[in-house]
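Notes for the one structure printed next.
The values are calculated or read from the model by the stated rules, or taken from the named source; none is laboratory data. These numbers come from a predicted model, not from an experiment. In this analysis, Cβ positions are derived from the backbone assuming ideal geometry, glycine residues included, and neighbour counts consider all displayed protein chains. With ligands, DNA and RNA removed, areas are computed over all heavy atoms of the protein, side chains included. Shrake-Rupley method; radii C 1.70, N 1.55, O 1.52, S 1.80 Å.
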There are 2 protein chains.
Amino acid sequence: MTTREILLGAREAWPKLSMSTAAARSDALLRMADKLIADADTILSANASDMEAAKGKISDVMLDRLSLTEEGRIRAMAEGIRQVAALDDPVGRAISHVERPNGLVIERVRQPMGVIAIIYESRPNVTADAAALCIKSGNACVLRSGKEAFRSANAIVEAMREGLAEAGLPGALIGLVQDTSRESAKELMTAVGLVDLLIPRGGAGLIRACVEQARVPCIQTGTGICHVYVDRSADQDMALSIIENAKTSRPSVCNAEEVCLVHEAIAREFLPRLRKVLVDDRIAAGQPPVELRLDGRAQAVIEGTPAGDGDFDTEFLDYILAVAVVDGVDQAIEHIARHSTGHSEAIVAEDEAAKVKFAARVDSAAVYLNASTRFTDGGEFGLGCEMGISTQKLHARGPMGLEELTTYKYVVRGAGQVRK
Amino acid sequence: MTTREILLGAREAWPKLSMSTAAARSDALLRMADKLIADADTILSANASDMEAAKGKISDVMLDRLSLTEEGRIRAMAEGIRQVAALDDPVGRAISHVERPNGLVIERVRQPMGVIAIIYESRPNVTADAAALCIKSGNACVLRSGKEAFRSANAIVEAMREGLAEAGLPGALIGLVQDTSRESAKELMTAVGLVDLLIPRGGAGLIRACVEQARVPCIQTGTGICHVYVDRSADQDMALSIIENAKTSRPSVCNAEEVCLVHEAIAREFLPRLRKVLVDDRIAAGQPPVELRLDGRAQAVIEGTPAGDGDFDTEFLDYILAVAVVDGVDQAIEHIARHSTGHSEAIVAEDEAAKVKFAARVDSAAVYLNASTRFTDGGEFGLGCEMGISTQKLHARGPMGLEELTTYKYVVRGAGQVRK
């Protein structure tokens, strides 16, 4: 099927889903999860073909992401779908209710978006996750997997469709674009009238392509140049623990720290301790050390790589940290305003005034006072799930859960009222 | 100043506004209103020049929209600003609050968007309205007026800036694009990183241009092909009253009815009554009659213009109504799904099942049960104001008030928490 046919199929199938009950959608998800387990052999063999074809072409990290070779990963996908099934369903909920003087009763009611298109890369579990979140929130979805994972995605989608069919819902509610060229991504971006929401989940290149080319409503996700600012009033042990966590617990993710800003009044004391924790101690423990890229003022205190032009504007996604010394919280806020991608920023401080100012003035999706940026995540925020992390201001900001996959409409009940 | 300089000026001025208190913003609005009155002579003389230049080039209706010649219209603008000043301020309001098991306190807090750009046409009062709504909600604005109203808009903006200055806020918070060519509209649409939200307020051509060209987040507003469906169970007197109101009370606005769908079981009785109310009675009363454009089934019952190909897909904004006979509520819903712009649709019915189905399945911003579509309006919905009516599903749907001009951010308070 062509991408257009898949989109039309999803649109045509959607009313059946949008009219279904919350119980019916949960039931469909449980059946989809069961089918993933039942079809594990087929999925594993499709994944083996993907792995075979990708070997030597992509990095070991990417190969690991692609791999489903342990059956545990399929069980984990099924478990993820079951957890989504158990979440509170936002669809149909009245979010406001007014009775006007003329007797009109005006309610705002949560509604599914319609058809959500998702462009992603090589993690097969995104296929199951994304489809489950869409179905639960009453949306049809059209998925476009990266080409490395296409066979796996296809097998996973087939299994999920069997689950939908068993639940009496059309399989076309979960579409998988059959063409994995750039053209098909562009086709989704420009399918005005067929795509109600496009969510790109991937690197900076994909997000840029969406900003440039998308004609359908789109939510930018995931690029994170996250900052931690250490104030002069900071508990320095706390600051070191937060930075170690934010930088090294999982450097390849968007909520990892990329830049550290240090108040000049404590730079001589703090920077050597930072270097010890991120470099020396890690070498001694046999862990990968963090490369420090230092601005001029930091270089005057500790050793490290002199920061180049782009280092404060780069999402390293690696064991690299750009470090700058600032005059204080105002300069930290200005630095962040200039260089941040609007994802997550933290201040470590005991001084209440510094914290209040930082929280008020930093214009990012998540602002942390004395905690690690790594918490920006749907699960950690209590949403129970996550479709991605929005770094834009329109519609949704930060982790997107089920509610963020819905819109609303006004339902107005009258008894013949007309407007004067 | 170039458009880019105006945008940069607004961005630079914005933090001062976003950090201001609700009281300071209200105070600034009251001063803006006072200055409009104080500068009335300057504004009237600028408007006289606009009127002089436009005479013979635009229609009488457009000329009337442009005119501020009565001083009453300036007082009305000032009154509008004062009403906005008195509204509840959404900025800084916590919209969710959770304490997580690890002790993190996570709040979602309403925030201004930043810089809002608004492209509009020739009604000078939009200049005052739009600026007031932006300032109240903590946003800088960059306005682009239609060229016919440019001198008036400039004088109004000057007065409002004096008000801002008196309140200790930068005048650059209200920018007016000095170039009224198409190029400047395109520049706003593509000012990635400088415009946080673009709101086009105008005809279908402007909205289409935004869908095609906008690279910045944009909210489509205002195109309304609104339907009224008359069910077999309808109170026909009520239906006639609603249709007369929806079609003739103000045909040039987006919430006016453009299409009437009638259940076949009552077509022989209802259509002649419809024709009497919209055509014969109006001629007898010296009012402009409504031209009926009829599908084949309606033509079999009453006289009227045979509907052409595009008549069910046209926003007439005039005394014209397309009329079709349908088999029942299902076919009405399908017709609306194919032809509607997603603005406002109404059903007139006594049958509960028909109303429930229509409310659930019609996918438009506002769905009316036994009331006129003309109520889709911020004031009528109790929002106290309106920046336009969104016909898209992302972010805001239907009338946009102050809340819809804001975003939110997460503020997370910890005591050194790190993620496992």
Residue among A:Leu206, A:Leu261 that is hydrophobic (A, V, I, L, M, F, W, C) and surrounded by fewer than 24 Cβ atoms within 10 Å (Cβ to Cβ): A:Leu206
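Look at B:Ala360 and say whether it is surrounded by fewer than 23 Cβ atoms within 10 Å (Cβ to Cβ) and facing chain A (nearest Cβ under 7 Å). Give the steps one after another, and end with the answer.
Numbers: surrounded by fewer than 23 Cβ atoms within 10 Å (Cβ to Cβ): yes; facing chain A (nearest Cβ under 7 Å): yes.
So B:Ala360 passes the test.
Among the residues in the stretch B:289-312, are any small (Gly, Ala, Ser) and closer than 30 Å to A:Thr21 by Cα? Please lay out each step first, then the result.
Just the residues of the stretch B:289-312 that are small (Gly, Ala, Ser), to begin with: B:296, B:298, B:300, B:304, B:307-308, B:310.
Next, only the ones that are closer than 30 Å to A:Thr21 by Cα stay: none.
No, the stretch B:289-312 contains no residue that is small (Gly, Ala, Ser) and closer than 30 Å to A:Thr21 by Cα.
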Quick one: in the stretch A:76-104, which of the residues that are within 12 Å of chain B (Cβ to nearest Cβ) and in contact with a Leu (Cβ under 9 Å, 6 or more places away or on another chain) is surrounded by the fewest Cβ atoms within 10 Å (Cβ to Cβ)? A:Val98
When every residue in the stretch B:1-43 that is acidic (Asp, Glu) and touching a residue at least 40 places away in the same chain (Cβ under 8 Å) is compared, the one least open to solvent (accessible area, probe 1.4 Å) is B:Asp39
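For residues that are open to solvent by less than 30 Å² (accessible area, probe 1.4 Å) and modelled with pLDDT of 95 or more, scanning just the stretch A:168-185, find the one that is nearest to A:Leu30 (Cα to Cα). If you could, list the steps in order and put the result at the bottom.
Initial filter on the stretch A:168-185 (open to solvent by less than 30 Å² (accessible area, probe 1.4 Å)): A:169, A:171, A:173-177, A:184-185.
In the following step, the residues that additionally are modelled with pLDDT of 95 or more were identified as A:169, A:171, A:173-177.
Numbers: A:Leu169: 13, A:Gly171: 15, A:Leu173: 16, A:Ile174: 15, A:Gly175: 19, A:Leu176: 20, A:Val177: 24 Å.
Out of the qualifying residues, it is A:Leu169.
Would you mind finding the one in A:Glu148, A:Glu107 that is surrounded by fewer than 24 Cβ atoms within 10 Å (Cβ to Cβ), at pLDDT below 95 and out of contact with any Lys or Arg (no Cβ under 6 Å at 6 or more places or on another chain)? Give the steps one after another, and end with the answer.
Values: A:Glu107 fails: at pLDDT below 95.
When all the criteria are applied, what remains is A:Glu148.
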Taking A:Lys420 and the conditions (1) at pLDDT 95 or above; (2) more than 29 Å from A:Pro200 (Cα to Cα), which numbered condition does it fall short on, given that it satisfies the others? (1)
Looking at (1) within 23 Å of the chain's Cα centre (by Cα); (2) under 15 Å from B:Arg4 (Cβ atoms); (3) open to solvent by 60 Å² or more (accessible area, probe 1.4 Å), can you tell me which one B:Leu188 breaks? (3)
Among the listed residues A:Ala76, A:Ala85, which satisfies the condition of being at pLDDT below 95, closer than 23 Å to A:Gly378 by Cα and not in a loop (DSSP other than H, G, I, E, B)? A:Ala76
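With the requirement that a residue be in contact (Cβ under 8 Å) with a residue 12 or more places away in the chain and within 9 Å of chain A (Cβ to nearest Cβ), what does the stretch B:381-392 give you? Full working, then the answer.
At the first step, the residues of the stretch B:381-392 found to be in contact (Cβ under 8 Å) with a residue 12 or more places away in the chain are B:381, B:383-392.
Of everything in the stretch B:381-392, those that are in contact (Cβ under 8 Å) with a residue 12 or more places away in the chain and within 9 Å of chain A (Cβ to nearest Cβ) turn out to be B:Phe381, B:Gln392.
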Could you look through the stretch B:249-261, keep only residues that are modelled with pLDDT of 95 or more and hydrophobic (A, V, I, L, M, F, W, C), and pick out the one that is nearest to B:Lys355 (Cα to Cα)? B:Leu261
Selected residue (criterion: nearest to the chain's Cα centre (by Cα)) from residues of the stretch B:393-409 that are open to solvent by less than 10 Å² (accessible area, probe 1.4 Å) and facing chain A (nearest Cβ under 7 Å): B:Gly398
Check on A:Ala246, farther than 30 Å from A:Asn154 by Cβ and either in a helix (DSSP H, G or I) or modelled with pLDDT under 95 (or both): yes
If you go through the stretch A:193-238 one residue at a time, how many are at pLDDT below 85 and in contact with a helix residue (DSSP H, G or I) (Cβ under 8 Å, 6 or more places away or on another chain)? 1
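Against the definition (open to solvent by 60 Å² or more (accessible area, probe 1.4 Å) and under 15 Å from B:Arg123 (Cα atoms)), how does B:Arg73 come out, yes or no? Break it down stepwise before answering.
On the way: open to solvent by 60 Å² or more (accessible area, probe 1.4 Å): yes; under 15 Å from B:Arg123 (Cα atoms): yes.
Considered against the rule, which asks whether it is open to solvent by 60 Å² or more (accessible area, probe 1.4 Å) and under 15 Å from B:Arg123 (Cα atoms), B:Arg73 comes out as yes.
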Need the failing condition index for A:Asn154 against (1) among the polar types (S, T, N, Q); (2) touching a strand residue (DSSP E or B) at 6+ places or on another chain (Cβ under 7 Å); (3) open to solvent by less than 10 Å² (accessible area, probe 1.4 Å), just the number. (3)
Scanning the stretch B:209-254 residue by residue, those open to solvent by 10 Å² or more (accessible area, probe 1.4 Å), within 13 Å of chain A (Cβ to nearest Cβ) and closer than 25 Å to B:Asp351 by Cα turn out to be B:Ala234, B:Asp235, B:Gln236, B:Asp237, B:Met238, B:Leu240, B:Ser241, B:Glu244, B:Asn245
Regarding B:Gly416, is this residue assigned to a strand (DSSP E or B), facing another protein chain (nearest Cβ under 8 Å) and at positive phi? yes
Just one of (1) surrounded by fewer than 24 Cβ atoms within 10 Å (Cβ to Cβ); (2) at the interface with chain A (Cβ under 9 Å from one of its Cβ atoms) trips up B:Thr341, so point out which. (2)
